[in-house]
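Below is one structure; the comments refer to it alone.
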Amino acid sequence: MLYSHVLDSETKRLHSGLEVDILKFEAIKALTPLRDIRAFAYAAPSLEEHQFAHPTIAGLWKLYDSLAPDFKWAFREYEVAERRRFTQRPVYVATADTVVGGLWIDAVRQTKHGPHASIHLFVDPHHSKKGIASALLDAFEAGVARRYAGIFCSWGKRDDARTALFFSKQGYTVEPGQNNSGSAVKLLSRPVLQNIPDSFQKAYKECSPLSSRA
């Protein structure tokens with residue numbers, strides 16, 4: 001069984017008039033034995049939903065799985081890695097009676113500006129264009145601004161040009177790819193450095209976004 005609990009929550013009324021709850025859940029790995037995480041990673045698809053102790057997390061994974069039929073999963077090892085990453089860090093969920101969207105960090109990329117959080121962000125198609133993705137992204141950015149130097153997201157050809165437009169409106173720099181694929185990145189304020197020698201902090205500051213433009 002995979003365990004998690006709500007760390008923080010906020011109710012928002014969106015521009016569409018829809019009222020949603022944005023929930024931040026603890027990372028599954030913080031509360032779940034490693035053997036259970038491994039069992040989820042290698043589980044048959046029909047068993048996935050029954051392995052989550054919290055119904056909201058079960059609903060989130062079910063929605064995510066249903067939205068990715070064309071890349072889930074060309075190779076079994078990709079699926080195993082994806083499931084493992086899902087359990088490693090806190091998860092943000094938007095609910096409006098049911099789960100309508102979610103966001104989590106898929107990986108952390110090291111750049112010259114510092115660590116960037118590479119994210120998954122998605123919304124139930126039946127609730128698109130209602131401000132849910134923006135609400136999730138705003139909550140996430142507020143929560144990680146002092147931990148990561150930036151946020152990165154990429155998408156494949158399964159998405160349309162609206163994805164690029166969305167991130168552009170959110171203040172991201174968009175790099176278009178082929179067949180509507182692409183990526184977006186946004187630099188945040190420099191994260192707090194803790195328990196790091198002064199010499200390393202100085203070197204880090206010299207390659208920060210602000211100093212690189214000086």
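Readers should treat all values here as calculations from the given coordinates under stated rules, not as data from a laboratory. Please read these numbers as outputs of a predicted model, since none were measured by experiment. Please note: Cβ atoms are built from the backbone with ideal geometry, for glycine as well, and neighbour counts cover all protein chains shown.
With all pairs of different C-alpha atoms in the average, the Kirkwood value for the hydrodynamic radius of the stretch 71-123 is 12.7 Å.
Based on the Kirkwood radius over alpha-carbon pairs, what value in µm²/s does the Stokes-Einstein equation return for the translational diffusion coefficient of the stretch 130-179 at 37 °C and 0.692 mPa s?
Using the Kirkwood radius from Cα pairs, D works out to 271 µm²/s.
Please go through the residue pairs K29/K129; K129/K169; K62/K130; K12/K130 and name each one whose alpha carbons sit more than 23 Å apart in this structure. Too far apart for the 23 Å limit: K29/K129. A simple rule links phi to the HN-Hα coupling: the Karplus curve 6.51 cos²θ - 1.76 cosθ + 1.60 with θ = phi - 60°, which for the stretch 148-155 gives 10, 7, x, 10, 10, 9, 10, 9 Hz, with x for Gly and Pro. Across the stretch 1-133, the volume of the C-alpha convex hull divided among the residues equals 134 Å³ per residue. Neighbours of K24 by Cβ distance under 9 Å: Lys/Arg scored +1, Asp/Glu scored -1, total -3. Taking the Cβ of E10 as the centre, find all other residues whose Cβ is under 15 Å away and add up their charges (Lys, Arg: +1; Asp, Glu: -1). Net charge in that neighbourhood comes out at -2.
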